[in-house]
């Protein structure tokens with residue numbers, strides 16, 4: 001049984017939406033998680049997912065828009081194994097998108113159809 005961080009609530013729906021100050025990449029591994037939305041949650045720091053990160057086999061949407069994430073957008077490269085991920089939204093952050101086109105072509109998960117980052 002996996003326990004959610006304090007202050008986080010998950011209804012019977014396979015999505016998760018929360019507003020808090022920090023987030024662990026461990027959330028991406030929740031087995032039945034299809035959607036993770038952490039918009040405007042005051043999350044700051046470098047956009048980084050640890051090497052070898054895994055994600056739920058059914059995760060299809062990740063929205064971290066409207067936060068204070070920083071650094072190169074190429075940090076999403078470690079999400080490539082998330083083959084069912086279709087929507088990525090990092091807009092409204094302080095990401096260095098100088099290589100955004102390269103990130104769009106080479107770093108996003110194979111099935112991603114929508115990608116927003118800035």
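The values are calculated or read from the model by the stated rules, or taken from the named source; none is laboratory data. Small disclaimer: the values here were computed from a predicted structure and weren't measured. Backbone-built Cβ (ideal geometry, glycine too); neighbour counts: all protein chains shown.
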Failed criterion for residue 42 (all others in (1) modelled with pLDDT of 80 or more; (2) surrounded by fewer than 13 Cβ atoms within 10 Å (Cβ to Cβ); (3) not in a loop (DSSP other than H, G, I, E, B) hold) | (3)
Matching residues, region 45-73, being touching a helix residue (DSSP H, G or I) at 6+ places or on another chain (Cβ under 7 Å) and surrounded by 16 or more Cβ atoms within 10 Å (Cβ to Cβ) | 47, 49, 53, 55, 56, 59, 73
The number of residues in region 22-39 that are closer than 17 Å to residue 75 by Cα and either loosely packed, with under 14 Cβ neighbours inside 10 Å or modelled with pLDDT of 85 or more (or both) is 2
